[in-house]
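One structure is given here, and the rest of the page talks about it.
The values are calculated or read from the model by the stated rules, or taken from the named source; none is laboratory data. Keep in mind it's a predicted model, so treat the numbers as computed, not measured. Virtual Cβ from ideal backbone geometry, glycine too; neighbours counted across all protein chains shown. In case anyone asks, the SASA skips ligands and DNA or RNA and just uses the protein heavy atoms, side chains included. Shrake-Rupley method; radii C 1.70, N 1.55, O 1.52, S 1.80 Å.
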Amino acid sequence: MTTNPAPLIVSFGEMLIDFVPDVAGVSLAESGGFIKAPGGAPANVACAITKLGGKSAFIGKVGDDEFGHMLVDILKKNGVNSEGVCYDPHARTALAFVTLKKNGEREFMFYRNPSADMLLQESELNMGLLKQAKVFHYGSISLISEPCKSAHLTAMKAAREAGILLSYDPNVRLPLWPSSDAARDGIKSIWNEADFIKVSDDEVSFLTQGDPQKEDVVLSLWHDRLKLLVVTDGEKGCRYFTKSFKGRVPGFSVKVVDTTGAGDAFVGSLLLSVAKDTSIFDNEEKLREALSFANACGAICTTQKGAIPALPSGSDALALMKSKAN
């Protein structure tokens, strides 16, 4: 009996170093020391998938510097296929200084002018790797500047033509865009291509300029190609919308230390469920189960600092779900 190989999820975009203050609730200026944490949403998603026993690859570019090599080592240590990663000999790996507020929420200050991830070119895309994917996942930061934007659009088109599912988590980072309007336009420019979109309540508010709790506001983001739209509501859980059903799945309350990576843990978990069984888009019971598991993954990720080090295993998530079910 032959078992099917695990479906591959390819994540595209930026990987960088987050410098997180060693003490929460102080400004960057007041902070005495910083913890070096690997980050970048698409890379976090790739690691979230392997941590849960799935198969993932990352496509992007880092600097040919110590930080860049460190990041690729982290991908490898986490079991992520790094054949799609290129090194830029001239540009540095991106850095972000993250301020943790008292409630675990964060503010960002970025160093990328330009950083290596922005300089990925179409010709550097590993198309062979991309075409093996069941799901192709990306964000919007890779749309901000050329040549990375063209590489992103080319990769999306190739994935679409190969019948690969397109997954989009815009991950709004306003400081990186020239203006709010540019961010809105850029993020929406590829909106109608995706099969699956995950947005946070704050992002719904930013993109629609409406109340994210109102269903008609959320549904203004729906388009006909979509199989699933998920809105995450922090610890309250998430809402889901498909062509034939919609609902809400409650979250898990935990002691929040750092929300970095929680959305990526959620997305990685959900993409793994989707890649294993695409009937999930048409089966509400299966979808609710997958979303509850994804909520548990997101919650666990907030209980320690940094994104990748805080990503949960499947048994961690199941244990949390079980403890809250009693």
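Just to verify a number: FRET efficiency for Glu122 and Ser244, C-beta to C-beta distance, R0 = 30 Å, to 0.05? Could you put the intermediate results ahead of the total?
Values: r = 38 Å, r/R0 = 1.26.
Taking R0 as 30 Å, the efficiency between Glu122 and Ser244 is 0.20.
Can you give the helix-only mean residue ellipticity at 222 nm for the chain, where every DSSP H stretch with n ≥ 4 adds -39500 (n - 2.57) and the sum goes over all residues, rounded to the nearest 500 deg cm²/dmol?
-10000 deg cm²/dmol
Where only protein heavy atoms count, and the probe is 1.4 Å, what is the accessible area per residue for region 8-314 in Å²?
That works out to 40 Å² per residue.
Hey, can you rank 6-14, 112-120, 155-163 by average C-beta count inside 10 Å, highest first?
6-14, 112-120, 155-163
Under 8 Å for C-alpha pairs, at least 6 residues apart: give me the relative contact order for the chain, rounded to a whole percent. Walk me through the intermediate numbers first.
Values: 736 pairs, mean separation 56.3, N = 326.
Over the chain, the number comes to 17 percent.
Please report the carbon-and-sulfur percent of the accessible area for region 8-314; probe 1.4 Å, protein heavy atoms only, DNA, RNA and ligands left out.
49 percent
By the scheme Lys and Arg +1, Asp and Glu -1, what is the net charge of all other residues having a beta-carbon under 14 Å from that of Ala151? Walk me through the numbers on the way to the answer.
Details: positive: Lys61, Lys149, Lys157; negative: Glu14, Asp88, Asp117, Glu122, Glu124, Glu146.
With Lys, Arg at +1 and Asp, Glu at -1, the net is -3.
Take the Cα coordinates of the chain, assign each an equal point scatterer, and use the Debye formula without solvent to give log10 I(q)/I(0) at q = 0.09, 0.10, 0.11 Å⁻¹.
So the normalised log intensities work out to -0.42, -0.52, -0.64.
Which pairs, out of Lys77/Lys188; Lys61/Lys188; Lys76/Lys322; Lys77/Lys227; Lys77/Lys134; Lys131/Lys305, put more than 27 Å between their alpha-carbon atoms?
In this structure, Lys77/Lys188; Lys76/Lys322; Lys77/Lys227; Lys131/Lys305 lie more than 27 Å apart at Cα.
Have a look at region 219-326 and give its Rg and Dmax from the Cα atoms, expressed in angstrom.
13.6, 40
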